[in-house]
1. Among the residues that make up region 52-69, is at least one of them at pLDDT 95 or above and over 24 Å from residue 96 (Cβ atoms)?
2. Inspect region 181-201 for any residue being assigned to a loop (DSSP other than H, G, I, E, B) and at pLDDT 95 or above and give the result as yes or no.
3. Count, please, the residues in region 270-302 that happen to be more than 15 Å from residue 343 (Cβ to Cβ) and touching a residue at least 40 places away in the same chain (Cβ under 8 Å).
4. Quick one: residue 232 ticks every box in (1) touching a residue at least 24 places away in the same chain (Cβ under 8 Å); (2) surrounded by fewer than 18 Cβ atoms within 10 Å (Cβ to Cβ); (3) under 27 Å from residue 132 (Cα atoms) bar one, so which box is it?
5. Taking region 242-266 as the region of interest, how many residues are part of a loop (DSSP other than H, G, I, E, B), surrounded by fewer than 17 Cβ atoms within 10 Å (Cβ to Cβ) and in contact with a helix residue (DSSP H, G or I) (Cβ under 9 Å, 6 or more places away or on another chain)?
6. Please identify the pairs in which a residue from region 186-201 that is more than 24 Å from residue 65 (Cα to Cα) and not assigned by TED's automatic domain parsing to the domain that holds residue 130 has its Cβ atom under 9 Å from the Cβ atom of a residue that is at pLDDT below 95 and buried (at least 19 other Cβ atoms within 10 Å of the Cβ), counting only partners at least 6 apart or on another chain.
7. Taking the stated definitions as given, is residue 239 touching a helix residue (DSSP H, G or I) at 6+ places or on another chain (Cβ under 6 Å), more than 29 Å from residue 216 (Cα to Cα) and outside the structural domain of residue 74 (by TED's automatic domain parsing)?
8. Is it true that some residue in region 146-156 is part of a strand (DSSP E or B), in contact with a strand residue (DSSP E or B) (Cβ under 7 Å, 6 or more places away or on another chain) and surrounded by fewer than 21 Cβ atoms within 10 Å (Cβ to Cβ)?
């Protein structure tokens, strides 16, 4: 167990590799209650969210979930988030929910408050009222079928719905941070342990494993999902991070003017994948070199249990970012050969 943004979080229950493989091959269960859950209410809730977020909120249909970012005026990323349009919240009211990173929850609440003037909307922090657990892996939907209603199978990726478990109401979504199919559940906190135990018991025959932060990181890195504090921070903008799909410059939002300027010019840095020779892992801030020149730095690295090779993500200068470009990572003075690789490293079969 480790401290993680004020939460006591498990790094692993058994082993990182065992848990990783369970998610890729069968199913795993994560406690992600550390993620912030903010509920937006009031007649201007959508307008406020559209003002705060880079992606469009007004076009969300009931039951849709969308990835977005919160940026400063200079385009720096304050957080990456999921916004939900829920037909019924746990208390039965139509609502919009914002799921934010644990380490940024207080910062984002303060940012919302500083930019809420002129909007008839309120924000309720549900983080400590609702728990959140994630069932991830190819068997996730069949394990949920028969436990909660409605059956999750008909729902598409990045949709959400209000349902019912034997322990009470749930907001479920076909989302996750592993690169696999999965379902994330928001439930009243007093029901969380019972729902967890129910799902572990239901999945026992299929080899379900409880999963911690360690395999969450290896899974998301194989799937090339950026992590705040590594690939994303206040000095990086969404376009440099390769997240153009989540930036809608046709609408007004905080940071739009600067991001429009960035979009009009060639990027000087690019987020890339690295295939690294050997088994030594290149950690965050490891320099990437071409000859004697530093051309970028690693943001995340690991040994991939699925691919059985060493991988990483990095920001490189555009001149060295083409797929197939040979580079070297400087591991405390030892130069290890690497190659710029396409992202993602792993993509599940549909």
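The values are calculated or read from the model by the stated rules, or taken from the named source; none is laboratory data. Worth saying up front: this structure is predicted, and the values here are computed from it rather than measured. Reconstructed Cβ throughout: ideal geometry from the backbone, glycine too, with neighbour counts over all protein chains shown.
1. No - not one qualifying residue is present in region 52-69.
2. We begin by selecting, within region 181-201, every residue assigned to a loop (DSSP other than H, G, I, E, B); these are 181.
Remaining after also requiring at pLDDT 95 or above: 181.
There is at least one residue in region 181-201 that is assigned to a loop (DSSP other than H, G, I, E, B) and at pLDDT 95 or above.
3. Residues in region 270-302 being more than 15 Å from residue 343 (Cβ to Cβ) and touching a residue at least 40 places away in the same chain (Cβ under 8 Å): 9 in total.
4. Exception for residue 232: condition (2).
5. Here the count works out to 4.
6. none
7. The answer is no for residue 239.
8. The answer is yes; a qualifying residue exists.
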